[in-house]
Amino acid sequence: MALATNEWLPALMARSGKVEMPPFSEAAHQFGLAYPWDRPAGSYLLRDGEVRPIADVDLEAFTADRHPLVTFGANGAPTG
């Protein structure tokens, strides 16, 4: 998004009101309590719930309609 500095907050607030909160479940609560989850040792592809090391992926097959997602910090765990 190419927004000016003073346009970011209104745009974010407009979008945040459209996010639905999932219903509470004890299973989801227990899952969250197990945080932080294990992180992979390197880059990976997460597709349909399957985690594959990036070294095992034919990247040519994904270049036409895919965009890389870079994660960092505690959010890099594919199971979280």
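Let me make sure I get this right: for segment 10-55, a, b and c are the square roots of the gyration tensor eigenvalues over alpha carbons, sorted descending. Under 1.5 in a/c it's rounded, otherwise prolate if a/b > b/c, else oblate. Which is it?
Numbers: a/c = 2.53, a/b = 1.40, b/c = 1.81.
It comes out oblate by the Cα gyration axes.
Using 1/(1 + (r/R0)^6) with R0 = 41 angstrom and r between the beta carbons of Glu26 and Ala2, what's the FRET efficiency to the nearest 0.05?
Values: r = 43 Å, r/R0 = 1.05.
After rounding to 0.05, the efficiency reads 0.40.
Bear in mind these aren't lab numbers, they're just calculated from the coordinates by the rules spelled out. If you're wondering where the values come from, they're calculated on a predicted model, not measured in any experiment. Here Cβ is always computed from backbone atoms with ideal geometry, including for glycine, and neighbour counts include all displayed protein chains.
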